[in-house]
Amino acid sequence: MGPPLDVWDFSSPLLSLWMNRFYIYMGCALGVTLWICVQIIVRKQVTRSQEKSVPGAPDSSLSLQKKQTHVSGVKIFYGSQTGTAKGFAALLAKAVTSLNLPVAIINLKEYDPDDNLIGEITGKNICAFLVATYTDGRPTESAEWFCKWLEDAANDFRFGKTYLKGLRYAVFGLGDSAYQSHFNKVSTNVDKWLWMLGAQRVLTRGEGDCNAVQSKHGSIEADFTAWKTKFISRLQALQRGEKKACGGNCKRGKCESAQHGPGEAQPHPQGELHPGNAEEEEPCESSSEDELGTQDYQGLNSVVDVEDLGNIVNSMKREKAPGRTGLNVEAEERTLVQRGHSGLWRSLYQKDFKWKPSNGYQLIGSHSGVKLCRWTKSMLRGRGGCYKHTFYGIESHRCMEATPSLACANKCVFCWRHHTNPVGTEWRWKMDQPELILKEAIENHQNMIKQFKGVPGLKAERFEEGMEVKHCALSLVGEPIMYPEINGLLKLLHQCGISSFLVTNAQFPEAIRNLTPVTQLYVSVDASTKDSLKKIDRPLFKDFWQRFLDSLKALSAKQQRTVYRLTLVKCWNVDELQAYAELVSLGNPDFIEVKGVTYCGESAASSLTMANVPWHEEVVRFVCELVDLLPDYEVACEHEHSNCLLIAHKKFKIGGEWWTWIDYSRFQELVLQYEESGGSKTFSSRDYMARTPQWALFGARERGFDPKDTRYQRKNKTKDISGC
C-alpha cells in the first residue's frame with residue numbers, strides 16, 4: 001500500500017507536469033497544427049511570387065495552365081478517293097505545326113478503329129476527320145471499313161453511350177451539292193456516330209462543296225480554308241484550357257449560339273435548304289437527344305405487344321413520324337392495310353422500331369431477319385471465334401445468325417434487343433415460305449460478308465470460306481419455334497449442308513415435341529423457380545411455369561443433341577443451385593451452358609445494371625458448385641472471353657477424353673438417311689460427336705481461345721463489350 005496523500009509533495013515541478021500532462025499534449029498538437037498551416041501559406045506565397053517573376057507570365061492562372069497539358073497533339077484522319085482530302089490533311093497539318101503541336105496524318109484505310117480508336121481518349125489528342133462522300137452517298141473505299149465499324153459500334157449496345165467519352169473530335173466533309181440527296185452524307189454520319197458513342201465535338205462540322213455555285217465561299221478549297229481557320233482558333237483556345245468557345249453559359253444540351261445536331265438541316269445563303277452549313281455556329285458540348293433525329297410512340301426501349309399494333313397505327317394518324325414529310329399518314333395506313341399484315345409489320349419495324357439496316361439487321365420478308373454476328377467478323381480477321389467454336393467446333397466465320405420469327409412470348413429483363421421486337425403468344429401474320437426465308441437470309445448474309453473486303457487484317461482464305469454458309473444459329477431474336485413452318489426451314493438447311501442450332505424459350509412444348517432433328521437444340525433456362533422465372537423472363541402466358549416444365553420434359557425425349565442454356569444474373573438467380581439440379585434431372589440435357597448475363601445498357605424495359613453482371617470467377621464457382629449436385633455431369637470446356645462454361649454429360653467422355661465437338665459431315669449423312677427413311681432410321685447425339693481439342697478444355701492455358709488465332713486486348717479494359 002502506497003504512502004498517504006499527506007505525504008505527497010504537490011509543489012514538485014515534475015509532479016505538476018504529470019498531473020497536467022493532457023493539457024500539455026493538447027498544446028503541443030495545436031502548436032504543430034498551426035506550424036503546418038503557416039508553412040503551407042508561406043509556400044503558396046513563395047510560389048505565387050516566383051510565378052509573377054517569370055517573363056511573359058503576367059498572372060498565375062496562365063502559368064498553371066502551362067504546367068497542365070490540355071492538348072498533347074493532333075491526329076488528322078482522311079478518307080480520300082481522288083486525293084483532295086489527303087491534300088487538305090497536309091494543309092491542316094502544316095497549320096497545326098505552327099502551334100508547336102505534334103501532328104500525325106493517318107489514312108483511314110490503314111487505321112484499325114477496333115484496336116486504336118479508344119486509345120485516343122487517354123492521349124489528349126484532338127482528332128480531325130476529313131472524309132469525302134462518294135457515289136450514292138457511300139464512303140470512299142479507303143474510309144469504308146472505318147465508317148462501317150463506327151456505325152456498328154454506335155448501334156451496338158455492348159459499346160454503350162460512353163464508349164468514346166473523352167475523345168475530342170472535329171469533322172470536315174467533302175461533297176457535291178449537285179447530288180443534294182447525298183450531299184456530305186458521310187461526314188454527317190461520322191459526326192453523328194462519334195457523338196452517339198460519347199465523343200465530344202470541339203468544332204461544328206464543316207462542309208466543303210465542289211459545286212462552286214452553291215459553295216458558301218466560292219470553292220471547296222475556300223470552304224476548307226474557312227473551316228481550317230476556325231479549327232486552328234479553337235485549337236489555340238483548347239491549349240489555353242478553355243472548354244467552350246461560346247463562353248460556357250449554355251444549358252446542358254442546348255447552346256444559345258444555335259448549336260445544331262449532326263445532320264440537322266440549316267438555311268443556305270441562297271435560300272435553299274442546305275444540310276449542316278452553319279458557319280456562324282459555335283461549338284458546345286451537345287448532349288441533346290434531338291441529334292439522333294429519333295421519335296417514337298412508346299419510347300425507344302418500350303415493349304410492344306402484338307395486340308397493341310392497332311394503337312400504334314392510331315398514333316401514326318395523330319402524329320407524323322420522322323421521315324414522312326409531305327406524306328399523308330392516313331393514306332399510307334390504307335396502303336399498308338391493303339398489303340395485309342405483312343406490309344404493316346414491315347413498315348412498323350423499319351420506321352418505328354428501328355429494325356433497319358443501320359442497326360445491322362436485314363429484314364427478310366415480313367417476319368424474319370438476319371444479322372452479321374460480331375464473332376463472324378472477329379474470325380474473318382483471325383481474332384478468334386465464339387464459344388460455339390470452342391465448345392462444338394463451329395467455324396464462326398461461316399455461321400449465319402438468323403430467325404424466322406421476330407416475335408417472342410417473353411419480355412426478358414436482359415433482352416439484348418431492348419424489346420424493339422413485338423411479343424405475342426400465337427402466330428397471327430401472313431406467313432412467308434421457308435424457301436424465301438432461307439434464300440434471302442443467305443443472300444443478305446453474303447452481302448454483309450462482302451462489305452469486309454479490304455478491311456485491315458482480313459484473312460483472304462476465311463473471306464472466301466465465309467461466303468459459303470455452313471452453320472445457322474436460329475437465335476437472333478424472338479422465338480424461332482413460333483414459325484409454323486419451322487420443320488420445313490430446318491429440312492431446307494440440312495439439304496443445303498447447313499447445320500442447325502435452334503434456341504427456344506421453353507414456352508411451346510408441343511412445338512418442341514413435333515420438331516424434326518436439329519443439329520443442336522437449345523432451351524433457355526433463365527431461372528429455376530416459378531417466381532424467379534416470372535421475374536426474369538416476364539412471360540406472356542399465364543400458365544408459363546407448366547409450359548416451361550413441359551418443354552423440359554419434351555426435350556428429354558429428343559435423341560439428338562440438347563442443351564440447357566443458363567444465363568446468370570447476379571442477385572437474381574445465382575442462389576438456386578438445388579432447384580437447377582432438379583430441372584436438369586427433368587430434361588436430362590446432353591450439355592449445360594452457363595453464361596454470365598451481358599449488360600445491354602440502360603433500358604426503360606429493364607432494371608439491370610452492371611452490378612448484376614457476374615465476374616468470370618463467380619461463374620466458374622457457380623458451375624463447380626452445380627456440378628457437385630449432378631453426379632452424371634462434369635465441367636468440360638471454357639470460353640473466358642464470353643464468360644461462359646460448358647457442363648457435359650459423362651457419356652461424352654470416352655477413354656478420359658472429351659468428345660463435345662460435332663462431326664458435321666456425319667450429321668448431314670445421318671439426317672439425310674432419316675429423311676429418306678421417312679423418320680424410321682433414327683440416330684442419337686453420340687452418333688455424330690467429335691473429339692474436343694486440348695485448348696478448348698476447362699483448365700487449359702488458352703482459356704478457350706483457339707491458338708490458331710491472335711487475341712487482341714482492348715487498351716481500355718474497363719470498356720467491356722464481351723458477349724455474343
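The values are calculated or read from the model by the stated rules, or taken from the named source; none is laboratory data. Quantities reported herein were computed from a predicted structural model and do not represent experimental measurements. We place every Cβ from the backbone using ideal geometry, glycine too, and count neighbours over all the protein chains shown. Areas reflect the complete protein model, heavy atoms only, side chains present, ligands, DNA and RNA absent. Shrake-Rupley method; radii C 1.70, N 1.55, O 1.52, S 1.80 Å.
Suppose the filter is in contact with an Asp or Glu (Cβ under 9 Å, 6 or more places away or on another chain), under 30 Å from N487 (Cα atoms) and in a loop (DSSP other than H, G, I, E, B); does T682 pass it? So T682 does not fit the description; no.
Residues are listed down the side, and each one gets a yes or a no for (1) within 33 Å of the chain's Cα centre (by Cα); (2) assigned to a helix (DSSP H, G or I); (3) among the basic types (K, R); (4) over 16 Å from V171 (Cα atoms):
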site: S187; (1), (2), (3), (4): yes, yes, no, no
site: D191; (1), (2), (3), (4): yes, yes, no, no
site: W195; (1), (2), (3), (4): yes, yes, no, no
site: L203; (1), (2), (3), (4): yes, no, no, no
site: G218; (1), (2), (3), (4): no, no, no, yes
site: F224; (1), (2), (3), (4): no, yes, no, no
site: A237; (1), (2), (3), (4): no, yes, no, yes
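How many residues does region 99-157 hold that are part of a loop (DSSP other than H, G, I, E, B) and at negative phi? Total meeting the criteria: 14. Please go through region 545-583 and give me each residue that is modelled with pLDDT of 90 or more, touching a Ser or Thr at 6+ places or on another chain (Cβ under 9 Å) and either of a type in the set (S, T, Y) or assigned to a loop (DSSP other than H, G, I, E, B) (or both), ordered by number. Within region 545-583, S551, S556, K558, Q559, Q560, T562, Y564, Y580 meet the criteria. Report whether or not A226 is closer than 25 Å to P102 by Cα and aliphatic (A, V, I, L, M). So A226 passes the test.
Go through R621, R703, R711 for me and flag whichever is charged (D, E, K, R) and not in a loop (DSSP other than H, G, I, E, B).
None of the other options fit; the residue is R621.
Is it fair to say S500 is crowded, with 17+ Cβ neighbours inside 10 Å, among the polar types (S, T, N, Q), under 26 Å from C412 (Cα atoms) and modelled with pLDDT under 95?
Working: crowded, with 17+ Cβ neighbours inside 10 Å: yes; among the polar types (S, T, N, Q): yes; under 26 Å from C412 (Cα atoms): yes; modelled with pLDDT under 95: no.
For S500, the condition - crowded, with 17+ Cβ neighbours inside 10 Å, among the polar types (S, T, N, Q), under 26 Å from C412 (Cα atoms) and modelled with pLDDT under 95 - is not met.
The residues of region 517-559 that are in contact with an Asp or Glu (Cβ under 6 Å, 6 or more places away or on another chain) and either among the small types (G, A, S) or within 30 Å of S677 (Cα to Cα) (or both) amount to a single one, S528. Annotation: V190 fulfils all but one of (1) open to solvent by 40 Å² or more (accessible area, probe 1.4 Å); (2) of a type outside the set (D, E); (3) in contact with a strand residue (DSSP E or B) (Cβ under 6 Å, 6 or more places away or on another chain); the unmet one is (1).
Among the residues making up region 519-544, those that are touching a residue at least 12 places away in the same chain (Cβ under 8 Å), open to solvent by 50 Å² or more (accessible area, probe 1.4 Å) and assigned to a helix (DSSP H, G or I) are K530, K535.
Within region 94-135, being polar (S, T, N, Q) and touching a strand residue (DSSP E or B) at 6+ places or on another chain (Cβ under 7 Å) holds for T97, N107, N125, T133. I'm checking my understanding of the structure. Among residues of region 79-89 that are touching a residue at least 60 places away in the same chain (Cβ under 8 Å) and open to solvent by less than 30 Å² (accessible area, probe 1.4 Å), which one is nearest to S233 (Cα to Cα)? Taking the candidates together, the pick is F88. Residues in region 550-559 that are open to solvent by 20 Å² or more (accessible area, probe 1.4 Å) and of a type outside the set (D, E, K, R): S556, A557, Q559. Residues in region 205-216 that are assigned to a loop (DSSP other than H, G, I, E, B) and more than 20 Å from L238 (Cβ to Cβ) were compared, and the one that is least open to solvent (accessible area, probe 1.4 Å) is S215.
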